[in-house]
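Working notes, structure below.
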Amino acid sequence: MPDVTRKILWSVLAAGTALTCLSPLSARADEQPSADLLARGEYIATAGDCVACHTAPGGRPFAGGLRISTPMGDVITTNITPDPEHGIGRYTEEDFEKSLRHGIRRDGSRLYPAMPYVSYSGMTDGDVQALYAWFMHDVKPVAESPPVTELNFPASLRITMAAWNLVAGAVPPETGDSATFDKLRRGKYLANALAHCSTCHTPRNMMLSEKEDSYLAGAPLLGWYAPNITSSKTAGIGNWSEDNLVQYLQTGHVDGLSQAAGPMGEAVEHSTSHLTDADLHALAAYILQVPAKDDAVEHSPREQVGKAVDTPDIRTGVLTRIDSLDEMDGAHIYDGNCAACHGSDGAGTSDHYAPSLFHNSVVGSARPDNLIMAILSGVDRTTGTLHVHMPGFDGNSDVQRLSDAEIASLVNYVTATFGSGDHGVTAEQVGKMRAQLPKTP
Amino acid sequence: MPSDQDLSADVVIVGSGVAGSSIANELARAGISVIVLEAGPRVDRQHFVENFRNLENKPSYQGPFPAVPWARHPPDQVTPNDYLHTTGPDAEAYQQVYLRMMGGTTWHWAGCAWRYLPSDFELKTRYGQGRDWALKYDDLEPFYYQAEVMMGVCGPDPAREDLGSPRRQPYPMEALPISYAAQQFRKLISEKTPYRVVHEPQARNTRPYDNRPTCEGHNNCMPICPIGAMYNGSYSVYHAEAAGAKFVPNAVVYRIERDSANKRVTAVHYYDPDKGSHRVTGKYFVIAAHCIETAKLMLVSADEQSPAGIANSSGHVGRNMMDHTGVQVSFISGDKALWPGRGPLETNVIDNFRDGDWRNERGAYLVHMVDDNQVDLATQLAISKGYVGRELEEQIRYLASHTVRLFSHNEGLADPENRLTLSATHKDMLGIPHPEVYYKLPEYTVKSCEHTRGLFRDLIGLMHGTDEQWTPGYFPQDHPAGSTIMGTDPKDSVVDGFCRTHDHENLFIASSSVFSSVGTGNITLTVAALALRVADTLKKELAHA
């Protein structure tokens, strides 16, 4: 995915006065907005991570086309570049605000709730205005339309979404200048109105609305599992310090705790790693005081599981002929594919570029989902000058293509040896998760 | 196994190594139908890594790759080896190893990705030795770059370290960091000799590239990179398959069929492992089966129309066998510990003897300081010195950290007497004769090796070295070349400057077998660049067809 974001010094913006002088919702597409307003808009777009969903794999920024699986079918994201025919070029600021905060398109139809407008509804008028100005002036128009979303009945009727909205209950917008909020208020604003953490981390009810009583308590997502990030010490991240969480959001990795891959890796790369230190501390402080919510299956701190393992010698001295592609057992699959970087003892590299597999919340989790998905799709995360890369082992891998059965054996070996025990993952389970991998063009 | 009626394509390629697979990838991406016939099987990395770990003799480069009986490849460099039979005064110096399997021999190369020098293509004109190629450096330059991008080559900034081959673009990736041992070696050479040590260009990731990870310096590029940071032909196979090219493994081609005029190739025939015969038709044919096997196939295909073998009206198929036959020594440095064995195997080269007026009488050479783990050699040496117990452990530690290994790539020369023929006495399980090579090191190369020995003795002296262990005679470098030599005159060469055979207008060869001189660097990048140029020619001709 393209990196369209730049680090903006929020403090500089906060010191500016241009914002407060403008009356809300007054900008027009044909007026040249101030540099401060545009910079603020870009920062809001980064914090809101619009690019994550509105860009197809390998596609142009904000031109849409990403396929998001929902129980009712695939939602295909739209072109939100300022192209008048294919994008939002004809949107007035009022049109923009309606879709962003209320899920109502310019033509009056309803957006599907894959668009987190329930979160964005909390944005201040000033930030909506800045975001609009930036999209209209600084985003490059792309004259192409992605395929149209076609959902199953009854969701195929966009009118259904009006009823859904009644249930979903959007929050009222924050007021005032968001740059001047105190730390916890700013953190809450970032978490809810912009970064929309809950879109992935809060489970949803039958109507696909977020369950208010399970805020950030963890939910499945496109084969991955967005874990419980409440302050629960057994199920959540209650043992993390504010600095730990800031480091994680900045770099995607904290030694001995966890690392980001999949959708969270993208969120770190495209969004949180570009936030200011002050904003990251605000965000972390807010998240860490979210009331603890226990979990049905996580009963001990997943980041504290396991230790370096003095694995037994599995050398036999017997060589196989080059055409022997027989399935090996988990220990040998690990030895042949993983041990070179993660070590036969699971300790990873000394610089932690390849993380240790014990004291690792992915391997220590009672849910093997993220381990399976990381093995299938690999890790590819750039923050600053650091590009962290682990190859995937799915059917497109040039390094090694592992079958569903091989990945099941491998995962069971890894969790039994370094983590939370053998979960009895089957080839069928892996196959279902493989089917959720994004299709690369 | 596909049914035979499917076996027809615009372009039929024999061999799935770096040459064959990269042509297949280029053509398939241009919408051209391609079938690639590979004598060996499909393979995967994890089993090779496990074989390597189970292997007692770690420096055995062929060890982790036990061949299939229908497509044998040579075992390690031993004489006799019961597959590649060598004869002549320097028989032992021509023990080439290679791999017959999907992806080819780059499964176990060291990733050295040199461009040749402009002078390498004009050896006869500039120095009155050997032969000129039927193309110039500038003809190949765009394809060198294309090959570097395809493989992912890292190398030095030409403004800081000019390797002598003009570049229009920088290397796709930054050069490798220099290991501790190499830093010590560089310092010594720059301070105490008039020579220099340069970064060796490497087809190895210094950042994530092409969905493969960054090199972590596992130090066993040969026999197997455990993580996929180094290029091998299997990546081009995967890319070509994704673009629609069809690969048929275990397809041992044994005959090249022509039309009645003997001008065009009409089909190739292959055996499956049960010796069932299959015929594959196409518009164009490319033989990309490695220098030894390509010449063998063309000779095996002899028939009434072409009694001397295919494309062999010149009689030069199988002749002019070359290599970078070199010299090798290990010794124990009397200076500070070097701790070799960290990082990739071959990254640092003395290139001062790569070109000069003296090439009118002796061959050029490169000196590699090989940065491999020396515990094996140190242990043997310590035991031979009678150490036991704690002292043995200390000695192994000392010797392993002080061992220096140097070897050279010395320039061979095309000599028609150095010749590959079909073995009269040995056949494989399909009845195909084994290859046999007569080899006598050209005087040009002998003189070059003598010069190298002198240099090595000087360097041993500079490092206060002891316990010299010279590889007896000469050291084969597995860079065979010349068996279907390129030239402008059909009377004394097999292919033209576009790697098209003089005799058959729709038959191309993509291999080091076309090299007119063996050049002054490892051969693979030039093989890849020539192959991509063949793909370019085929794309143009098929577009106009």
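Contact order for segment B:135-266, expressed relative to its length and based on alpha carbon pairs under 8 Å spaced 6+ residues apart, stands at 19 percent. Computed over neighbours whose Cβ is under 13 Å from that of A:Phe418, the net charge equals -2, Lys and Arg +1, Asp and Glu -1. Taking every alpha-carbon pair under 8 Å whose residues sit at least 6 apart, chain A reaches a relative contact order of 13 percent. Loop-located chymotrypsin sites (Phe, Trp or Tyr not before Pro) in segment A:183-252 (DSSP state not H, G, I, E or B) with no more than 14 neighbouring Cβ atoms inside 10 Å do not occur. Note on chain A: GNM, Cα springs under 10 Å; of A:His201, A:His54, A:His86, the largest mean-square fluctuation is that of A:His86.
Modelled spin labels at B:Glu505 and A:Ser209, positioned 7 Å past Cα toward Cβ, are 7.7 nm from each other.
Inter-chain Cβ neighbour count for A:311-323, averaged per residue, equals 6 (cutoff 10 Å, partner chain atoms only).
Here the convex hull built on the C-alpha positions of the protein assembly as shown has a volume of 191 cubic angstrom per residue. Summary value for chain B: 23 percent relative contact order, contacts being C-alpha pairs under 8 angstrom separated by 6+ residues. Segment B:80-141 has equivalent-ellipsoid semi-axes of 29, 20, 9 Å, by the square roots of 5 times the alpha carbon gyration tensor eigenvalues, sorted largest first. In units of the compact-protein estimate 2.2 N^0.38 Å, chain B shows a Cα radius of gyration of 0.94. Peptide A:333-339 is shielded by partner chain Cβ atoms: per residue, an average of 5 of them sit within 10 Å of its Cβ. What are the chymotrypsin sites (Phe, Trp or Tyr not before Pro) within segment A:273-358 that DSSP puts in a loop, where the Cβ has at most 15 other Cβ atoms within 10 Å? Within segment A:273-358, no chymotrypsin sites (Phe, Trp or Tyr not before Pro) qualify (loop, at most 15 other Cβ atoms within 10 Å). Annotation: lysines with alpha-carbon distance below 16 angstrom to A:Lys293 (same-chain offsets under eight excluded): A:Lys211, A:Lys233. From the alpha carbon centroid of segment B:40-65 to that of segment B:265-288 is 29 Å.
How about B:Lys491: which lysines have a C-alpha closer than 29 Å to its C-alpha, ignoring those fewer than 8 places off in the same chain? Output for B:Lys491: B:Lys124, B:Lys136, B:Lys263, B:Lys283, B:Lys296, B:Lys440, B:Lys539, B:Lys540.
Throw me the Rg/Rh for chain A, computed over C-alpha atoms with Kirkwood Rh, two decimals.
Using only Cα positions, Rg/Rh for chain A is 0.99.
For peptide B:63-75, the mean count of partner chain Cβ atoms within 10 Å of a residue's Cβ comes to 2. When the alpha-carbon atoms of segment B:78-210 are used, the pair Rg, Dmax equals 18.3, 49 angstrom. A protection proxy built from the mean count of other Cβ atoms within 10 Å ranks the segments B:294-305, B:258-269, B:388-399, A:261-272, most packed first, as A:261-272, B:294-305, B:258-269, B:388-399. Just the Cα atoms of segment A:65-132, one point each, no solvent: what log10 I(q)/I(0) does Debye give at q = 0.17, 0.22 Å⁻¹? Log-scaled intensity ratios, in q order: -0.64, -1.03. Label positions at A:Ala52 and A:Asp74, each projected 7 Å from the Cα along the C-beta direction, are separated by 2.1 nm.
Annotation: amide H-H contacts under 5 Å for A:Thr202 (H modelled 1.01 Å from N, sequence separation of 5 or more, or interchain): A:Leu216, A:Gly218. Rounded to the nearest 0.05, the FRET efficiency derived from the C-beta distance between B:Lys427 and B:Asp162 at R0 = 45 Å is 0.35. Spatial offset of segment A:26-92 relative to segment A:172-251 amounts to 22 Å, using the alpha carbon center of each.
For segment B:132-269, list log₁₀ I(q)/I(0) at each q in 0.19, 0.22 Å⁻¹, using the Debye formula over Cα point scatterers of equal strength and ignoring solvent, two decimals each. Each listed q maps to, in turn, -1.22, -1.33.
By the combined test of axial Cα extent (at least 15 Å) and Kyte-Doolittle hydropathy (mean at least 1.0), none of the DSSP H helices of chain B qualifies. Between A:Ala366, A:Gln400, A:Val411, the Cα set farthest toward the positive side of the dipole of segment A:366-413 (charges on each charged residue's Cβ, about the Cα centre) is that of A:Ala366. Applying the criteria of a DSSP loop state and at most 12 other Cβ atoms within 10 Å to the GluC sites (Glu not before Pro) of segment A:61-137 yields A:Glu85. So if I average 1/r over every pair of distinct C-alpha atoms in segment A:328-378 and take the inverse, what Kirkwood radius in Å does that give? Hydrodynamic radius (Kirkwood, Cα only) of segment A:328-378 equals 11.5 Å. Measuring between their Cα centroids, segment A:347-422 and segment A:260-310 lie 17 Å from each other.
Projection of the Cα convex hull of segment B:211-345, averaged over all directions and equal to a quarter of that hull's surface, yields 13.4 nm². Seen from a random direction on average, the alpha-carbon convex hull of segment B:383-503 projects onto 13.6 square nanometres. Largest GNM mean-square fluctuation across A:Ala56, A:Ala35, A:Ala374, computed for chain A with C-alpha springs under 10 Å, falls on A:Ala35.
Where a number appears in this text, it was derived from the coordinates with a stated rule and is not lab data. What you see is a predicted model; the values in this text were computed from it and never measured. Don't worry about glycine lacking a Cβ; one is built from the backbone with ideal geometry, like all the others, and counts go over all protein chains shown.
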